[in-house]
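Let me begin by presenting the structure, written as structure tokens, before commenting on it.
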Amino acid sequence: MLASVTVLLGAALGASAHYTLPKILAGGAGADWQYVRKADNWQSNGFVGNVASEQIRCFQSAVAPAQATLNVTAGSTVTYGAAPNVYHPGPMQFYLARVPDGESVSSWKGEGAVWFKIYHEQPNFGAQLTWPSNGKSSFSVAIPKCIKAGFYLLRAEHIGLHAASTSGGAQFYISCAQLGITGGGSTEPSEKVAFPGAYKAADPGIQININYPVPTTYKNPGPAVFTC
């Protein structure tokens, strides 16, 4: 009986620890799913567990646009929000993809090798691994000042690694915001990846036991961070 209660309690706690990434703030204001495409987990707070799934791109089974597109200036900083908090240990990462000229940011799927990484975080090492994003509900990311003006998708991703010791155990919490970026320069990032395709289930930053023995290094999945 006690074992059954323990299992049920663990399942309930696990479910309550899930979260969404529904918000991007402009001037400190922004509603859930206003500038962010509504992800499939908007009610369930669930996650993507299969890196080969189409959902690994923007966590949408079919493209549905955001309510609006946020205009930002290249070189400025935007703030992405989680609901309620990022509870699980693991890295926060951000990617951008430029919408081809002549196509609509509202309907563009982001297919192919079009995504470049603009941010990822490393853990603090010690008796356990902790990431700066853990327990937080907002995350700032700088838009590179040298990229071309245009419409973009900003892909936010948090990877929960608490159960990642086996293949398929990592939990991906993802959403994509619609941005109109002004200013900027003419630099074209060279290292672009596709989703799905950028990650493999056995990548060392995805399949990893963070509990024992406690790692002393961590390799973020995906490409290097683009810098101007």
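Within the range 17-31, the set of residues being exposed (fewer than 15 other Cβ atoms within 10 Å of the Cβ) and assigned to a loop (DSSP other than H, G, I, E, B) comprises 27, 28, 31.
Pairing residues of the range 51-63 that are in contact (Cβ under 8 Å) with a residue 60 or more places away in the chain with residues that are assigned to a loop (DSSP other than H, G, I, E, B) and among the polar types (S, T, N, Q), at Cβ distances under 9 Å and at least 6 apart in sequence or on separate chains, gives 54/60; 54/61; 55/61; 56/50; 59/41. When the range 126-140 is limited to residues that are under 16 Å from the mean Cα position of the chain (by Cα), of a type outside the set (Gly, Ala, Ser) and crowded, with 18+ Cβ neighbours inside 10 Å, the one that is nearest to residue 88 (Cα to Cα) turns out to be 134.
Quick one: in the range 83-92, which of the residues that are out of contact with any Gly (no Cβ under 8 Å at 6 or more places or on another chain) and surrounded by fewer than 16 Cβ atoms within 10 Å (Cβ to Cβ) is nearest to residue 185 (Cα to Cα)? Applying the filter and picking the extreme gives 83. For the range 100-125, a residue qualifies if it is surrounded by fewer than 17 Cβ atoms within 10 Å (Cβ to Cβ), touching a residue at least 24 places away in the same chain (Cβ under 8 Å) and at positive phi, and exactly one does: 112. Would you pick out the residues in the range 41-79 that are part of a strand (DSSP E or B) and under 15 Å from residue 159 (Cα atoms)? Answer for the range 41-79, where residues must be part of a strand (DSSP E or B) and under 15 Å from residue 159 (Cα atoms): just 48. Of all residues in the range 206-228, those that are closer than 13 Å to residue 130 by Cα have Cβ atoms under 8 Å from Cβ atoms of residues that are exposed (fewer than 12 other Cβ atoms within 10 Å of the Cβ), 6 or more apart or on another chain, in 214/126; 214/127.
Take the conditions without any contact (Cβ under 8 Å) to a residue 60 or more places away in the chain and assigned to a loop (DSSP other than H, G, I, E, B) and apply them to residue 168. Does it pass? For residue 168, the condition - without any contact (Cβ under 8 Å) to a residue 60 or more places away in the chain and assigned to a loop (DSSP other than H, G, I, E, B) - is not met.
Taking the range 166-182 as the range and being modelled with pLDDT of 95 or more and either over 21 Å from residue 37 (Cα atoms) or in contact with a Leu (Cβ under 9 Å, 6 or more places away or on another chain) (or both) as the test, the residues that pass are 169, 170, 171, 173, 174, 175, 176, 177, 178, 179, 180, 181.
Can you tell me which residue among 35, 80, 95 is surrounded by 21 or more Cβ atoms within 10 Å (Cβ to Cβ) and more than 26 Å from residue 161 (Cβ to Cβ)? Sole residue among the options that is surrounded by 21 or more Cβ atoms within 10 Å (Cβ to Cβ) and more than 26 Å from residue 161 (Cβ to Cβ): 35.
Is it the case that some residue within the range 125-148 is touching a Lys or Arg at 6+ places or on another chain (Cβ under 7 Å), at pLDDT 95 or above and over 22 Å from residue 56 (Cβ atoms)?
Looking for residues that are touching a Lys or Arg at 6+ places or on another chain (Cβ under 7 Å), at pLDDT 95 or above and over 22 Å from residue 56 (Cβ atoms), one finds at least one in the range 125-148, hence yes.
The values are calculated or read from the model by the stated rules, or taken from the named source; none is laboratory data. Source: prediction; values computed, not measured. Glycine gets a Cβ as well: all are built from the backbone with ideal geometry, and neighbour counts include every protein chain shown.
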